[in-house]
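Note sheet for the following structure.
The values are calculated or read from the model by the stated rules, or taken from the named source; none is laboratory data. No experiment lies behind these values; they were computed from the predicted model shown. Positions of Cβ are generated from backbone atoms using ideal geometry, with glycine treated the same way; all protein chains shown enter the neighbour counts.
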Amino acid sequence: MLPLVVAGCAGGTGQASTSGPAASASPAASAPVTAAPSPTASADPAAACVAETIESLTPEQRRGQLLMVGFDANAPLRSLDEVIVESHVGNVIYLGGWNGADKVTRTSDHVQGLASATSTGDVGLLVAADQEGGIVHQLRGQGFTRPPAARKQAAMDPAELTEAAASWAEELKAAGVNVNLAPVTDTVPEDIGRANEPIGKWGRQYGSTPEEVSRSATAFLEGMLEGGVEGTVKHFPGLGRIRNNTDFSSTGITDEVATEDDPFLQPFADGIEAGAGLVMMASARYPKLDAENPAMFSEKIVTGLLREQLGYDGVVITDDVNAEALEDVDPGDRAVRVVAAGGDIVLTGAASDADEMLEALEKAAAKDPEMAEKVDAAVERVLTLKERMGLLPCSTSSG
């Protein structure tokens with residue numbers, strides 16, 4: 001076991017918690033939450049706001065908070081209008097390489113403008129991008145600085161890196177991007193290096209030891225938070241030892257080494273302690289942790305390892321579920337299995353899959369009270385993050 005249990009820093013969004021969700025759970029997926037807020041929620045303005053928001057949302061609007069859909073750079077401005085307005089999806093990610101802050105800002109303003117009483121229950125959207133640096137920078141051109149690759153960031157003094165990351169975050173925030181799906185907290189051993197297709201080949205790692213990764217990834221994360229953008233540690237429990245990329249391969253994606261006391265977990269723990277708003281799950285396999293399921297579908301890994309052992313009670317998001325590694329699982333089942341494992345937001349680059357996923361979540365919750373409780377708990381975690389970001393109508397913070 002790791003020697004620490006993470007406790008989120010004050011004001012952070014990845015806080016550990018020793019208590020369960022404050023808001024009451026819906027007894028059935030088809031019925032709105034009507035129970036009064038608990039005394040704990042009433043005593044805490046933020047928790048009371050979350051409980052009030054949950055109570056005001058329809059079941060469809062609540063489930064919509066559990067998806068994040070891709071917005072391609074070449075798609076028309078109104079391409080996601082229907083999925084947000086009619087299907088109530090509450091989160092968007094920019095994909096495909098967006099050029100120029102003006103275009104990104106215009107799009108961010110448009111999608112946030114779709115939030116209404118009838119679409120999302122007046123809850124604002126998470127608008128995310130992959131802006132790690134190096135080869136991975138979805139936002140480019142005028143108005144955006146291209147961060148250097150992680151290996152070059154790691155050569156910077158941590159204070160210098162934090163200052164630089166804060167300036168990068170300010171650029172994102174000015175363009176309406178409130179979540180960065182970075183930093184990478186995977187450790188790629190030196191003896192694997194560039195043979196690690198998803199991370200090492202592209203220099204996306206901060207180092208070859210957990211200490212090196214923690215040092216720089218945490219500095220980057222702290223800069224994001226200082227600049228007003230939520231950061232994400234990824235890809236839990238680590239992609240550093242696999243050979244192939246789960247986006248494009250269903251083989252060579254197994255880490256035969258990782259256990260519950262793996263030192264490669266430490267950078268994730270340190271990122272959580274530093275206030276990471278989200279943890280992204282890998283779609284790779286870890287047989288010593290769970291012999292049956294990829295990480296994002298594994299209750300042993302999501303709930304047992306991440307939530308219980310590391311003490312993380314924040315938002316768990318998936319890597320893109322359109323990965324080749326998950327090709328044999330229907331889109332609806334992907335969403336159900338993520339939430340059943342203890343996850344919160346299903347990220348899909350294919351917005352066309354949203355309705356199938358939402359319908360599958362509805363059916364699963366309707367026939368299984370335990371699944372209904374998991375849906376409600378996931379919604380509460382997402383809305384708790386959004387309250388801290390100032391995205392709820394009653395938010396006590398301005399984001």
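If the requirement is being touching a residue at least 12 places away in the same chain (Cβ under 8 Å), closer than 28 Å to residue 167 by Cβ and hydroxyl-bearing (Ser, Thr, Tyr), which of these qualifies: 218, 259?
Matching residue, one of 218, 259: 218.
List every residue pair whose Cβ atoms sit under 7 Å apart, with the two residues 6 or more apart in sequence or on different chains, where the first one lies in the stretch 278-299 and is within 12 Å of residue 258 (Cα to Cα) and assigned to a helix (DSSP H, G or I) and the second, anywhere, is among the polar types (S, T, N, Q) and at pLDDT 95 or above.
If the second residue must be among the polar types (S, T, N, Q) and at pLDDT 95 or above, the pairs left are 295/283.
Taking residue 230 as the residue in question, decide whether it is closer than 29 Å to residue 92 by Cβ, modelled with pLDDT of 95 or more, surrounded by 24 or more Cβ atoms within 10 Å (Cβ to Cβ) and among the charged types (D, E, K, R).
yes
Given the criterion surrounded by fewer than 21 Cβ atoms within 10 Å (Cβ to Cβ), at pLDDT below 95, of a type outside the set (Lys, Arg) and not in a loop (DSSP other than H, G, I, E, B), identify the matching residue among 30, 42. Full working, then the answer.
Numbers: 30 fails: not in a loop (DSSP other than H, G, I, E, B).
Step by step, each of 30, 42 is checked, and only 42 is surrounded by fewer than 21 Cβ atoms within 10 Å (Cβ to Cβ), at pLDDT below 95, of a type outside the set (Lys, Arg) and not in a loop (DSSP other than H, G, I, E, B).
Name the residue, out of 293, 322, that is more than 28 Å from residue 57 (Cβ to Cβ), surrounded by fewer than 20 Cβ atoms within 10 Å (Cβ to Cβ) and in contact with a helix residue (DSSP H, G or I) (Cβ under 8 Å, 6 or more places away or on another chain).
Just a single option satisfies the conditions, and that option is 293.
Looking at residue 214, is it of a type in the set (S, T, N, Q), modelled with pLDDT of 95 or more and either under 17 Å from the mean Cα position of the chain (by Cα) or not in a loop (DSSP other than H, G, I, E, B) (or both)?
When the stated conditions are applied, residue 214 passes them.
From the list 304, 275, 332, pick out the single residue that is at positive phi and either crowded, with 22+ Cβ neighbours inside 10 Å or without any contact (Cβ under 8 Å) to a residue 60 or more places away in the chain (or both). Can you show your working first?
Details: 304 fails: at positive phi; 332 fails: at positive phi.
Just a single option satisfies the conditions, and that option is 275.
Within the stretch 177-215, work out how many residues are touching a Gly at 6+ places or on another chain (Cβ under 9 Å) and aromatic (Phe, Trp, Tyr).
Number of matching residues: 1.
With the requirement that a residue be surrounded by 24 or more Cβ atoms within 10 Å (Cβ to Cβ) and farther than 11 Å from residue 111 by Cα, what does the stretch 64-88 give you?
Within the stretch 64-88, 64, 65, 66, 67, 68, 69, 88 qualify.
Looking at the stretch 320-358, which of its residues are part of a helix (DSSP H, G or I), of a type in the set (Asp, Glu) and at pLDDT 95 or above?
Of everything in the stretch 320-358, those that are part of a helix (DSSP H, G or I), of a type in the set (Asp, Glu) and at pLDDT 95 or above turn out to be 333, 353, 355, 356.
What number of residues within the stretch 59-115 are in a loop (DSSP other than H, G, I, E, B), over 22 Å from the mean Cα position of the chain (by Cα) and not aliphatic (A, V, I, L, M)? Lay out the reasoning, then the answer.
Step one: list which residues in the stretch 59-115 are in a loop (DSSP other than H, G, I, E, B), which gives 65-66, 73-80, 86-90, 96-97, 100, 114-115.
Filter once more, keeping what is over 22 Å from the mean Cα position of the chain (by Cα): 74-79, 86, 100.
Right, trim to not aliphatic (A, V, I, L, M) and you get 74, 76, 78-79, 86, 100.
Qualifying residue count for the region: 6.
Just to be sure, is residue 164 among the small types (Gly, Ala, Ser), free of Cβ contacts under 8 Å to residues at least 12 places away in the same chain and either farther than 28 Å from residue 304 by Cβ or surrounded by fewer than 21 Cβ atoms within 10 Å (Cβ to Cβ) (or both)? So that I can check it myself, show each step before the final result.
Values: among the small types (Gly, Ala, Ser): yes; free of Cβ contacts under 8 Å to residues at least 12 places away in the same chain: no; either farther than 28 Å from residue 304 by Cβ or surrounded by fewer than 21 Cβ atoms within 10 Å (Cβ to Cβ) (or both): yes.
For residue 164, the condition - among the small types (Gly, Ala, Ser), free of Cβ contacts under 8 Å to residues at least 12 places away in the same chain and either farther than 28 Å from residue 304 by Cβ or surrounded by fewer than 21 Cβ atoms within 10 Å (Cβ to Cβ) (or both) - is not met.
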